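The values are calculated or read from the model by the stated rules, or taken from the named source; none is laboratory data. These figures come from a predicted structure and were not determined experimentally. Cβ placement follows ideal geometry from the backbone for every residue including glycine, while neighbour counts extend to all protein chains displayed.
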Amino acid sequence: MSTATATRRTEDGVEAPARRKLTPLRLLLHGFLITVALTWLFPIAWAVLTSLRSYEYTAANGYASFGGWTLDNYVTAWRTAEFGKHFLNSVYITVPAVLLTLFLASCVAFVIARFSWKLNLVLLGVFTAANLLPQQALLIPLFRLFTEVPLPEFMSDSELLYDSYWGLILINVAFQCGFCVFVLSNYMKALPRDLYEAAMVDGASIWRQYWQVTMPLCRPALAALATLEVTWIYNEFFWATVLMRTGDKFPVTSSLNNLRGEFFTDNNLVSAGSVLVAIPTLVIFFMLQRHFVRGLTLGASKG
Amino acid sequence: MSRPRSQAEYLARLVPPSVAGINRRSLLAGAAGTGALLGTGLLAGCGDDSGGSDSKEVSLGSNQSDAKPKDVLAKVTDGFKTSSGVQVAVNTVDHNTFQENINNYLQGKPDDVFTWFAGYRMRFFAQKGLASDVSDVWGKLSGYSDAFKKASTGDDGKQYFVPASYYPWAVFYRKSVWQQYGYQTPKTLDDFTTLAGQMKKDGLTPIAFADKDGWPAMGTFDILNLRINGYQFHVDLMAGKEAWTSDKVKKIFDTWAGLLPLHQPDSLGRTWQEAAQSLQQKKSGMYLLGLFVGQQFSNEEQNDLDFFTFPEIDPVIGAKALDAPIDGYMMARKPKNEDNARKLLEYFGGKAAADITVKNDPATLVANTGADVSGYTALQKKAAEVVGSATEIAQFLDRDTRPDFASTVIIPALQQFIKDPKDIGGLTSSIENQKKSIFTD
């Protein structure tokens, strides 16, 4: 990301030199950058490559060979793991969870940034500290809790928070709020105070100051967080497997396990499945990429 | 228990009884009082629950997530529906997740019937009261050997498990390779060692081996234990009753250390599939593994696959015991539809279900000996024969002992042994110390 902004700045520069001289140091830099880029891309490229080959061929000739091209893995993966259904499950969990997280976190962040109360710092500290807590440590109490909390049947056929989308959404919101509050409050603190004074003079209520003054200004930060949160919640795997009981309700990341056999695992098939599962996060990232970079750097330079 | 079935009912339930009573009184003239009204309301709710959905339904938690077994299970449950009119709601969770979550699953809201394993793993949950006694189902079953019944029985002498299928562990090889070099099936450990030495001379890796995932080496340990010390010692050792520092255990490791140079080296970085690959590519001579090794072979090559049971080490003990893990079904504690659950278990254990399985899945060995097995391949027939003639059937190390002991103590210990086979004394005393802290109750 830093390299991207760096080059853009030179491109946009007022007196851009016709062409940089190719010094040995520069060659070295580019060599280094290319190596790093390739190292990062290698695992993904390898997975894509593997996913396009038949298991029989790679089993007979090894992965270092060349050939056995096929698209069958994708078709089989989609069918055996029932990705269609599970992608939808992921949507049911991810979309409400991200929206709710951002809304709740922005509310807290607004209060922390806008008002100076004694407990502000403590509040922020609590929210941030919760991030450091290993989630797995809470497994047993949360599991017990979830099996005790009843839900009406029209909300979940398990009639419990356990094995319901509501429970998973709740868990994700709870665990993601801390980080979002931290980022958003820092971002909001950077907004000029005069805005609020002006708003108050115009008679805007606190709600209005939050919803119509602060939130629109936070759009880059919200977009950046939305990208991150979608990726994180979508990728969340642990709670989904622990707090769900019905295989048909698992999100897509957990259903990836369906491609692993009891003993036998077709690695090419798993690669194809993984590529399919990774696509939505890539799409989200490229869609919101512009905001993503801006959101993070804006907060950083002003904070 | 009564739960609202619609949003309106749910909201209605939130209304305090004092207020609700007035409404109901006006609706239901002649009823005695608010309390009684609420009481009948609750009862009516219960009646709805059990009457509406329960009588013709039963739920089944299944770990059969592989395409083929999943399909076969669907056919079997269809068969059950035709014969009994009860619909089975199958909840399939992939094998690994199911296994890792079993504790949570059984303590939460499990399905009426669920897939599980025989042996200690079954007894563990039976003893904890998380599974129901199915002795009455066993009273109606036939076609099972005593070894299978023993493997389905809990510590209290009651049955908690209905076996469905199993697979033996044995030494697999390719017939074509053995014909090419003129190898003979070894009868004793000496024969076995000589044969392996000959394979080495012929440029083959004698014994394919892999232990990256930790469990394949348990197979080697088990079979050596069964051959050197016998079945009862295996059971007692796994139950934590025998000392790992005893000479009997040391002898297992000593024998293994002698065989280790004949195994494929660097096994800790290899999965069983890669080891099976070397067998399939005719680079290795033989491989001690479960029958599932065939999954690494293409359909044509499967006919070339054969096996023998691990040779005798001690003539007193013989070579009749083996690892043959049994998969089957159990009933949860307090199942929602208990009658149907029992009916389903009886069907699973019966001949009809076994026949459907044999017809549709050529890779499974069914537990019921009454089943029509004319569809078996030569390999399956031989496997069924070997297991049928076995005097004792062990369930495999990690199924015969506490799961935490198997995964946190034995896996690292065996991997340590493979890395450094010399320090057997240190290794066994370390296992013994850890065992004491795990087997406390």
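Couple of notes before you dig in:
- If the condition is being farther than 19 Å from B:PHE405 by Cα and either crowded, with 17+ Cβ neighbours inside 10 Å or of a type in the set (Lys, Arg) (or both), then region B:231-249 contributes B:TYR231, B:LYS248.
- Residue count for region A:231-244, restricted to those that are surrounded by fewer than 20 Cβ atoms within 10 Å (Cβ to Cβ) and more than 14 Å from chain B (Cβ to nearest Cβ): 3
- Region B:267-302, residues that are polar (S, T, N, Q), more than 10 Å from chain A (Cβ to nearest Cβ) and within 10 Å of B:ALA208 (Cβ to Cβ): B:SER267, B:SER278, B:SER284
- Failed item, numbered, when A:ALA204 is tested on (1) of a type in the set (A, V, I, L, M); (2) touching a Leu at 6+ places or on another chain (Cβ under 7 Å); (3) farther than 23 Å from A:LEU99 by Cα; (4) buried (at least 16 other Cβ atoms within 10 Å of the Cβ): (2)
- Among the residues of region B:69-101, those that are away from chain A (no Cβ under 11 Å) and under 18 Å from B:MET331 (Cβ atoms) comprise B:LEU73, B:VAL76, B:THR77, B:PHE80, B:SER84, B:VAL86, B:GLN87, B:VAL88.
- Residues of region A:167-201 that are surrounded by fewer than 16 Cβ atoms within 10 Å (Cβ to Cβ) and without any contact (Cβ under 8 Å) to a residue 60 or more places away in the chain: A:PRO192, A:ARG193, A:ASP194, A:LEU195, A:GLU197, A:ALA198, A:MET200, A:VAL201.
- Residues considered: B:LYS187, B:LYS128. Of these, the only one that is within 30 Å of B:ALA89 (Cβ to Cβ) and surrounded by fewer than 21 Cβ atoms within 10 Å (Cβ to Cβ) is B:LYS128.
- Residues that are assigned by TED's automatic domain parsing to the domain that holds B:GLY154 number at least 3 in the following helices (runs of 4 or more DSSP H) confined to region B:262-378: B:338-349, B:351-360.
- So A:ALA130, is it surrounded by 14 or more Cβ atoms within 10 Å (Cβ to Cβ), at pLDDT below 85, more than 14 Å from chain B (Cβ to nearest Cβ) and under 22 Å from the mean Cα position of the chain (by Cα): yes
- Residue match in region B:117-127 (condition: under 25 Å from B:HIS234 (Cβ atoms) and within 14 Å of another protein chain (Cβ to nearest Cβ)): yes
- For region A:245-254, the candidate set comprises residues that are more than 9 Å from chain B (Cβ to nearest Cβ) and part of a helix (DSSP H, G or I); within that set, the residue that is farthest from B:VAL90 (Cα to Cα) is A:THR253.
- Hey, A:ALA137 in a helix (DSSP H, G or I), away from chain B (no Cβ under 14 Å), within 30 Å of A:ARG193 (Cα to Cα) and not basic (Lys, Arg) or not: no
- Region B:263-295, subset of a type in the set (A, V, I, L, M) and surrounded by 19 or more Cβ atoms within 10 Å (Cβ to Cβ), residue farthest from B:GLN380 (Cα to Cα): B:ALA275
- The criterion of at least 3 residues that are under 17 Å from the mean Cα position of the chain (by Cα) is met by the following helices (runs of 4 or more DSSP H) wholly inside region B:128-227: B:146-151.
- Residue in region B:370-389 that is polar (S, T, N, Q), under 20 Å from the mean Cα position of the chain (by Cα) and exposed (fewer than 14 other Cβ atoms within 10 Å of the Cβ) present: no
- The residues listed here are B:ASP146, B:ASP136, B:ASP155; of these, the one that is out of contact with any Asp or Glu (no Cβ under 8 Å at 6 or more places or on another chain), under 21 Å from B:VAL88 (Cβ atoms), surrounded by fewer than 22 Cβ atoms within 10 Å (Cβ to Cβ) and more than 14 Å from chain A (Cβ to nearest Cβ) is B:ASP136.
- When restricted to residues that are closer than 20 Å to B:ASN299 by Cα and free of Cβ contacts under 8 Å to residues at least 60 places away in the same chain, region A:35-69 contains 7.
- Which listed residue, of B:VAL137, B:VAL171, is closer than 20 Å to B:ARG227 by Cβ and either modelled with pLDDT of 95 or more or not assigned by TED's automatic domain parsing to the domain that holds B:GLN273 (or both): B:VAL171
- Which numbered condition B:SER65 misses (of (1) more than 10 Å from chain A (Cβ to nearest Cβ); (2) part of a loop (DSSP other than H, G, I, E, B)): (1)
- Boolean, A:ASP163 is farther than 30 Å from A:VAL111 by Cα, touching a residue at least 12 places away in the same chain (Cβ under 8 Å), assigned to a loop (DSSP other than H, G, I, E, B) and not small (Gly, Ala, Ser): yes
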